[in-house]
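Just below is one structure, and these are the notes that go with it.
The values are calculated or read from the model by the stated rules, or taken from the named source; none is laboratory data. Being a predicted model, the structure only gives us computed values, none of them experimental. No Cβ is skipped: glycine too gets one built from the backbone with ideal geometry, and neighbour counts run over all protein chains shown. Just so you know, the surface numbers come from the protein's heavy atoms only, side chains and all, with ligands and any DNA or RNA stripped out. Shrake-Rupley method; radii C 1.70, N 1.55, O 1.52, S 1.80 Å.
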Amino acid sequence: MVGSVETAVESSISGDLRGSASYVVRMLGPLTISRNDVSIALPASRKVRALFAYLALSANAVTRSHLCELLWDVPNDPRGELRWCLSKIRRLVNEPGKCRVRTEADAVALDLDGCQVDALQMLRAADLGIAAHSLEQLRGIADGFGDEFLEGLELDRSPNFNTWLVAQRRRIRSFQIHVLEHLVERLADDEALDYLNRWALLSPLDERVHVRLLQVLARQQRFQEGKDHLEAIVRLFEAESLDNAPLRHAWQSTRTQPARPLSAHATIISEPAAKAVVQISPAAPHRGSIAVMPFTDQSSAPCFRGGISDALVHDVITRLAKLRSLFVIAQGTTFALHDRNIPPHEAGRMLNVEYVVSGLLRRDGSRLTVQVELSEVRSGRIVWAEIFNHSVDDAFLVLDEIGDRIVAAIASEVEAVERNRAILKPPNSLNAWEAHHRGLWHMYRFNRMDNEQAQRFFEIAVGLDPTFARAYAGLSFTHFQKAFQGWAERQPEVDRAFEAAGQSLMVDDRDPAAHWAMGRALWLRGSYDQSFRELETSVDLSPNFAQGHYTLAFVHSQVGNPGTAIAASDQSRRLSPFDPMLFGMLGARAMALVRQRNFEEAARWSVDAATRPNAHAHILAIAALSLALAGRIDQAREYLTAIHRTLPRYGVRDFLTAMRFAREDEVLFQEAARRIGMDSN
C-alpha cells in the first residue's frame, strides 16, 4: 500500500456505519479483495469485477442508466443484468448489519468505509500534487507502486468501460512517472538508480529516463553496463522508428566528464545531456488532415450529381473547414478522385491525409438513411461509424441536423484519437499538433497536477508553432482553470487567461476556439456583455462547435437568460453527447433551472452532472445545493460529505466566488447551504 497516504477510504456515498471487518482492495495489478488478511474468491464474471472496480473509484453515486451504458453494448435486458451483477457484489462485500451496496432511487453506490483501496490512495495522492508530499512521503508512495491498474480486466463489447479503464491507467502511470522523476532529480546516484530502473520499466520509450540512467552509470564508472543498456535501447528505438541520436550523444558526452559525487539534492542531468534532451528542434507546422469523399447514393431512384447526397457532403466539408482544427481537402479534389472510381482509402493515401470520411445515402419514399464511416488512413482502422435514420418531411432540415451530428462526431473522434496517440509518445518527440493534443488529454482530467501538465504541453505547442491558435486557446483554458478552481492567486491567472486568448485571436480570428477562450476570459474579468458577444461569435463561425454552445450555457446560467442557457446546454449535448466536459453541460442546465425556481428538475440534472467522469468540487456543490433547495436534505449532505473528503474546508463562499450570480440568486444558494451546514468559511 501507499505508506504516506494510508487512510480509511470512503467511496461514493457512505453513511455512519462502522464495520469491524478490515477489507483491503488491490487494483494495482489484478483485482483482489481480502478480509482480515484472508483472500476472498472473486466471481468468475468479468462484468461483476468491472462493476465493482468502477463503483469503488466513483466519487459519488452512479445512475443505473449510466452503468448500463458503461458495461453493456445493447443487451436484451441491461437493467436485469445490472441487478444480477449487484447481487454478486452484495454477497462479496456485505456483512451482517452492514450493507455496502447502497441504492437510492435510480442511483447506486459502493460504501467502502473502513476499507483500504490502493488505487484510490494513489489517485488522492495525485490530486494533492507532488508539492504536497515530502521526500520521505514520495519514497513511500513510490514503494507502493504495483503492476498495471486492473490488469487483464478489459471487456469485449464494452467500449465505454475500456475507455474509462485506459484513462485511469494513464492517469496512474503519469503520476507514477512524475513521482519517480521527482525522486531521481533529488537523490544521490546510488539511491536514484533504483528509481531510474522503475521509471524505465514504466516508460521504455522516454529518452529522458535513458539519458539519466546512462549518466548515472557513467559517473559510477560502470561503462560496460552503460554500453549494454545503450545498445539495447537503441535497438528498441530503431524498432519504433524513433531517433536514438540524443541517446548516443548523451552517452558520449557523459563518458568524457570526470566522475563526481552528487549531493542528496543535486540534479542528475549534466548540462550537455540536458540540452540534448530538452532542446526541441523547430519543426514545420503540422495539422491533422481529412478528406470527405462523396457518399454513394443507393436510393431507389438515385440522384444525379448535385442531389441531396452531394449537398450533404458539401455541407460536411464546409462545416469541418469552419472548425479550423483540421486541414480539410477541398470538395473539387475529392469529387474528382471519386469520379475516377478511386476507393476512399486509396484516395486518402494519394492525398496524404490522416483521416478519410466515406458513406452512403439511401432514400426510400419518406425515409432517409445515411451511413457514415471515419477511418484512419495509415492503419485502415474504422474510428467511428454511425447510421442515421430519419423521416423526410423537409429534406434540407433533416440534412442540416444530420450534418450537425456528423461534423461534431468527426471532430470529437479525431480529437480523441490524436489525444490517445500523443499520450503514448515521449514528450520530447512531439510536434506542435501532438503537443497540443497531449495538453488536451491532461486538460480534460480536471485536477491540479494534470492542469499543470496541460499548460506545459500547450506552451511547447505554441513554442514550436506560434501560429497555432488552438494551442493558445488551450493555454488560456489552463489559466482559467487555475482561477476558477482556486488553484493559484486569482487575478494573475485571470490576466494570463485573457492574454493567451488574445494571442489566439491575433493568430486566427476565424477560429471559433479563439473566441471561446476570449469569452471565458472576459467572463472571469466580469465583462459579461463582451463575453456573450465572443461566445456568440464562436458558434456563429462554427454552429457545430459544442464547447462554444456549452460555455454560452454556462455564462447564461449565471448572469444571462436561464432559458437560453437550457437551450444552449441541450444543443451542446446533442452535438457532443460523450464530451469530456459533459458534467459542465449538465451542471449549467441545473444552475439555470435553479434560477427558474424549478428545484426538483435542477436536482435531477445536477445529480446526473455529479456522476459524470471528472466532475470536480464545484459540480458536486451544484448537486448538494440543488438537492437542498428541492428538500432532499440527506442526499444533499452526502454530496457535501463527498466534497469534504478531498476539500475539507470547502464552503458556499468557495462556490459563489467561482461562479457569478446576481445577488438574489446568491441569497438563494446561501439559504440552501444553510440547510445542509455548508459553512461560509
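Filter the range 198-227 for residues that are under 22 Å from Leu430 (Cα atoms) and of a type in the set (Asp, Glu); which is farthest from the chain's Cα centre (by Cα)?
Step by step, filter the range 198-227, then rank; the result is Glu207.
Which members of the range 131-173 meet the condition of being hydrophobic (A, V, I, L, M, F, W, C) and surrounded by fewer than 17 Cβ atoms within 10 Å (Cβ to Cβ)?
Ala131, Ala132, Leu135, Val166
Conditions tested, residue by residue: (1) at pLDDT 95 or above; (2) crowded, with 24+ Cβ neighbours inside 10 Å; (3) more than 22 Å from Leu668 (Cβ to Cβ).
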| position | (1), (2), (3) |
| --- | --- |
| Ser557 | yes, yes, no |
| Arg574 | no, no, yes |
| Arg597 | yes, no, no |
| Glu600 | yes, no, no |
| Ile622 | yes, yes, no |
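What is the residue count in the range 334-370 for residues that are farther than 10 Å from Pro294 by Cα, surrounded by fewer than 16 Cβ atoms within 10 Å (Cβ to Cβ) and either touching a helix residue (DSSP H, G or I) at 6+ places or on another chain (Cβ under 7 Å) or of a type in the set (A, V, I, L, M, F, W, C) (or both)?
Going through the range 334-370 one residue at a time, the tally reaches 1.
I'd like the full set of residues that are among the aliphatic types (A, V, I, L, M), open to solvent by less than 30 Å² (accessible area, probe 1.4 Å) and farther than 19 Å from Asn614 by Cβ, limited to the range 463-498.
Passing the criteria: Leu464, Ala469, Ala471, Ala473, Leu475, Val494, Ala497.
List pairs: first residue in the range 528-553 and closer than 17 Å to Leu575 by Cα and outside any helix (DSSP H, G or I), second residue open to solvent by 10 Å² or more (accessible area, probe 1.4 Å) and modelled with pLDDT of 95 or more anywhere in the structure, Cβ distance under 8 angstrom, at least six positions apart or on different chains.
What qualifies is Phe545/Trp516.
Please verify whether the range 510-520 includes one or more residues that are at pLDDT 95 or above, touching a Ser or Thr at 6+ places or on another chain (Cβ under 6 Å), of a type in the set (Gly, Ala, Ser) and over 19 Å from Phe457 (Cα atoms).
Scanning the range 510-520, I find at least one residue that is at pLDDT 95 or above, touching a Ser or Thr at 6+ places or on another chain (Cβ under 6 Å), of a type in the set (Gly, Ala, Ser) and over 19 Å from Phe457 (Cα atoms), so the answer is yes.
I'm checking my understanding of the structure. Among residues of the range 647-675 that are under 13 Å from Ser626 (Cα atoms) and basic (Lys, Arg), which one is surrounded by the fewest Cβ atoms within 10 Å (Cβ to Cβ)?
Arg674
Give the range 419-432 a look and list any residue that's open to solvent by 10 Å² or more (accessible area, probe 1.4 Å), in a helix (DSSP H, G or I), within 23 Å of Phe578 (Cβ to Cβ) and not polar (S, T, N, Q), or say none.
Arg419, Arg421, Ile423
Mind checking which pairs have a first residue in the range 509-524 that is surrounded by fewer than 24 Cβ atoms within 10 Å (Cβ to Cβ) and a second that is aromatic (Phe, Trp, Tyr), Cβ under 6 Å, 6 or more apart or different chains?
none
I'd like to check something: does the range 71-94 contain any residue that is open to solvent by 50 Å² or more (accessible area, probe 1.4 Å) and within 27 Å of the chain's Cα centre (by Cα)?
Scanning the range 71-94, I find at least one residue that is open to solvent by 50 Å² or more (accessible area, probe 1.4 Å) and within 27 Å of the chain's Cα centre (by Cα), so the answer is yes.
Just the residues that are basic (Lys, Arg) and either touching a Lys or Arg at 6+ places or on another chain (Cβ under 8 Å) or within 16 Å of Glu418 (Cβ to Cβ) (or both), please, taken from the range 432-455.
Looking only at the range 432-455, we keep the residues that are basic (Lys, Arg), and these are 438, 445, 448.
Arg438, Arg445 - these are the residues of the range 432-455 that are basic (Lys, Arg) and either touching a Lys or Arg at 6+ places or on another chain (Cβ under 8 Å) or within 16 Å of Glu418 (Cβ to Cβ) (or both).
Considering only residues that are modelled with pLDDT under 50, in a loop (DSSP other than H, G, I, E, B), hydrophobic (A, V, I, L, M, F, W, C) and open to solvent by less than 30 Å² (accessible area, probe 1.4 Å), which ones fall in the range 6-43? Write out each step before concluding.
The initial filter retains those residues of the range 6-43 that are modelled with pLDDT under 50, namely 6-21.
So of that shortlist, the ones also in a loop (DSSP other than H, G, I, E, B) come out as 6-8, 10-21.
Then drop every residue that is not hydrophobic (A, V, I, L, M, F, W, C), which leaves 8, 13, 17, 21.
Of everything in the range 6-43, those that are modelled with pLDDT under 50, in a loop (DSSP other than H, G, I, E, B), hydrophobic (A, V, I, L, M, F, W, C) and open to solvent by less than 30 Å² (accessible area, probe 1.4 Å) turn out to be Ile13, Ala21.
Considering the range 120-162 alone, what residues qualify as being more than 30 Å from Pro43 (Cβ to Cβ), part of a loop (DSSP other than H, G, I, E, B) and at pLDDT 80 or above?
His133, Ser134
Spot the failing condition for Ala109; the list is (1) under 23 Å from the mean Cα position of the chain (by Cα); (2) surrounded by fewer than 17 Cβ atoms within 10 Å (Cβ to Cβ); (3) closer than 22 Å to Tyr639 by Cβ, and only one is missed.
Result: Ala109 passes all but (2).
Please tell me if Leu593 is touching a Pro at 6+ places or on another chain (Cβ under 9 Å), over 15 Å from Met659 (Cα atoms) and touching a residue at least 60 places away in the same chain (Cβ under 8 Å).
Judged against the criteria, Leu593 is not a match.
Which number in (1) in a loop (DSSP other than H, G, I, E, B); (2) over 26 Å from Ala609 (Cβ atoms) marks the one condition that Ser87 misses?
Of (1) in a loop (DSSP other than H, G, I, E, B); (2) over 26 Å from Ala609 (Cβ atoms), only one is false for Ser87: (1).
Return the only residue of Glu415, Glu373, Glu401 being assigned to a helix (DSSP H, G or I), touching a Ser or Thr at 6+ places or on another chain (Cβ under 9 Å) and open to solvent by 30 Å² or more (accessible area, probe 1.4 Å).
Of Glu415, Glu373, Glu401, the one residue that is assigned to a helix (DSSP H, G or I), touching a Ser or Thr at 6+ places or on another chain (Cβ under 9 Å) and open to solvent by 30 Å² or more (accessible area, probe 1.4 Å) is Glu415.
Starting from the range 469-497, take each residue that is part of a helix (DSSP H, G or I) and list its partners that are among the β-branched types (Val, Ile, Thr) and open to solvent by 30 Å² or more (accessible area, probe 1.4 Å), counting only C-beta distances under 6 angstrom and pairs at least six apart or across chains.
These pairs meet every condition: Ala469/Val507.
Which residues, counting only those in the range 217-232, are surrounded by fewer than 23 Cβ atoms within 10 Å (Cβ to Cβ), of a type outside the set (Gly, Ala, Ser) and not in a loop (DSSP other than H, G, I, E, B)?
Hits for the range 217-232 are Arg219, Phe223, Gln224, Glu225, Lys227, Asp228, His229, Leu230, Glu231.
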